[in-house]
Amino acid sequence: MGKIYSYRLKFYLNATHAMRWSDQIGEEHPHTWEIICQVMKKEQNHFIRFNDNE
């Protein structure tokens, strides 16, 4: 089995909102979502290395 090259990117998305009813508004509160994207490739051909100095 050959080498496996991969990049793992992690991002956070923050949002704040409050619930609304017909005659009142609820308390504002935050949410945070973690988004992870992993790209994997078995061979190095056409895979751009971010740490290459060339």
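The values are calculated or read from the model by the stated rules, or taken from the named source; none is laboratory data. Keep in mind the model is a prediction, meaning the values are calculated, not measured. Cβ sites come from the backbone with ideal geometry, for glycine too, and all protein chains shown count toward neighbours. Surface areas here come from the heavy atoms of the whole protein model, side chains and all, with no ligands, DNA or RNA. Shrake-Rupley method; radii C 1.70, N 1.55, O 1.52, S 1.80 Å.
By accessible area of protein heavy atoms, probe 1.4 Å, what ranking do Ser6, Ser22 get, highest first?
Ser22, Ser6
So which trypsin sites (Lys or Arg not before Pro) in the stretch 1-45 pass both tests, a DSSP loop state and at most 15 other Cβ atoms within 10 Å of the Cβ?
Lys3, Lys42
Compute the length gained on full extension between Gln38 and Tyr12: take 0.36 nm times their separation in residues and subtract their Cα-Cα distance, giving the result in nm to one decimal.
Taking 0.36 nm per residue and subtracting the Cα distance, the gain is 7.9 nm.
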